[in-house]
Amino acid sequence: MAENSKRSTLIFLTSDFPFGRNEPFIENEIGFLSKSFDNIVICSLNDYSSECRQTPENSKIYRINAGLAWVDKILALRLLFTKRLWNELFQLPLGNKITLLKGRFGTALFSLRNALFRKSEILKILNKNKILINQNLVFYSYWFDDSAIALALLKIQFPAIRAVSRTHRWELYTEQTKFNYLPFRRFTLDQLDRVFSISEDGKNYLRGKYGAKNVFVSRLGTLKKYKRLKTQIDDQLFVLVSCSQIIERKRLDLIVDALASITTDKRIKWIHFGDGPLMSAVKEQVQLKENWNIDVIFKGSVSNQTVHEYYSKNQVDLFINVSDNEGVPVSIMEALSYKIPVIATNVGATAELVNESNGFLLSRDCTTEEIALKISDYMKLRGLSISQMQEKAFETWNNDFNADNNYNKFIHDIQS
């Protein structure tokens, strides 16, 4: 394809977007995609949610039934006789546990069935829209999962298309799965034109494990929606902010215990954006603390715009994230863009965002005492030291996680 030519139509495979509230990061990316492609066909696996977010005028939305009916699962047994499945199975390490072998076998079988079904549905959508399958098409899976396998199968049938995928965390690291196995990864890497990891760690993992040379880093990015206004800073007040679902792996209980152990003359305010099943448990934990004198505000589930607006208009001294598992936390990117230093656990690719110049990095198994110590250390900083850390926070975001830079480069890479 000529270097200056442009592939005009994007077939974009998502898990939920634009339905429901998952995949919020696509809300930034879709605007850039719409400016670079004449037409976008969004194929969403969310066939149940009635809530639909705004999409560009040059996009059409279609839903694919993600769940297989029992009839489909029975029909999937026909795949036992396909060469594709057995090629995959022959590559599996034997192991010494029957349950492990059965688990991997079942995973491979139904992943292939999912991929074939999704491929079939995509072809129906293209046929319905009279879209010719040629070199003008880019197929893009947001996740390196069964949808990416579907694109690998399409690429074999239609070599002229461009087929790419992002990869994040849960669909990347085999060691974090139930059977220590993710199916058809080597096959998919061999067929797709490019795979884009959102982190350096992910790229190194795929290149090291599979010897794949078509894996590159393409970071997610956030938009700084407001200017940070000059607010009146109260030197006697310290404001800590967190933003996440209130679920077990986010470990908000550690933040509560850490704050309870801090001794300071300053007033402390902790603000949390987000909701979840453990909300009542965390509130109860706060209420049971003796001599608790910290102002805690649970904002609940709010829009991304509300979070940005708060950062721009209010005093926020430090952002905190003590998850025991992460990909590349978008919430940290957003805090950095408003010059907010960060304290976070060194999990996933967090170390690619947080370092000693813009915050504090804790070990995954950090104690509440260690968390409290880092918060206290930051509270003791003065003037120039704080300003330097704030500037480094913004610099990190602007250099590596600015959506304007990252998404424009990504689009160039998937079109060329």
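General remarks:
- Under-5 Å amide H pairs with I268, H placed in peptide plane, nonlocal only: F238, D295
- About its Cα centre, the dipole of the chain is roughly 1620 debye, where the only charges are +1 on Lys and Arg Cβ and -1 on Asp and Glu Cβ.
- With Cα atoms, 0 to 90° folded angle of helix 368-380 axis to the chain main axis: 60 degrees
- Carbon and sulfur %, accessible surface of the chain computed with the full protein complex present, 1.4 Å: 49 percent
- Sorted peptide list for 52-61, 155-164, 179-188, criterion being average Cβ within 10 angstrom, highest first: 179-188, 155-164, 52-61
- Cross-link partners for K213 among the lysines, with Cα-Cα distance under 26 Å and sequence neighbours closer than 8 places in the same chain left out: K6, K83, K119, K155, K203, K409.
- The stretch 294-375: translational diffusion in µm²/s, Stokes-Einstein, Kirkwood Rh over Cα pairs, 10 °C, 1.306 mPa s: 118 µm²/s
- Shown are C243, C366, whose ranking by accessible area with a 1.4 Å probe and every protein chain present, most to least, is C243, C366.
- Rounded to the nearest 10 degrees, the inclination of helix 403-415 to the longest alpha-carbon principal axis of the chain is 10 degrees.
- Only one item in (1) 0.95; (2) 1.07; (3) 1.32 matches Cα Rg over 2.2 N^0.38 Å derived from the coordinates shown, and that item is (2).
- Were the residues from Q315 through R186 laid out at 0.36 nm apart, the gain over their Cα-Cα distance would be 41.6 nm.
- Solvent-accessible area per residue in the chain equals 48 Å², computed with a 1.4 angstrom probe and all protein chains kept.
The values are calculated or read from the model by the stated rules, or taken from the named source; none is laboratory data. If you're wondering where the values come from, they're calculated on a predicted model, not measured in any experiment. Here Cβ is always computed from backbone atoms with ideal geometry, including for glycine, and neighbour counts include all displayed protein chains. Calculation scope for accessible area: heavy atoms of the full protein, side chains included, ligands and nucleic acids excluded. Shrake-Rupley method; radii C 1.70, N 1.55, O 1.52, S 1.80 Å.
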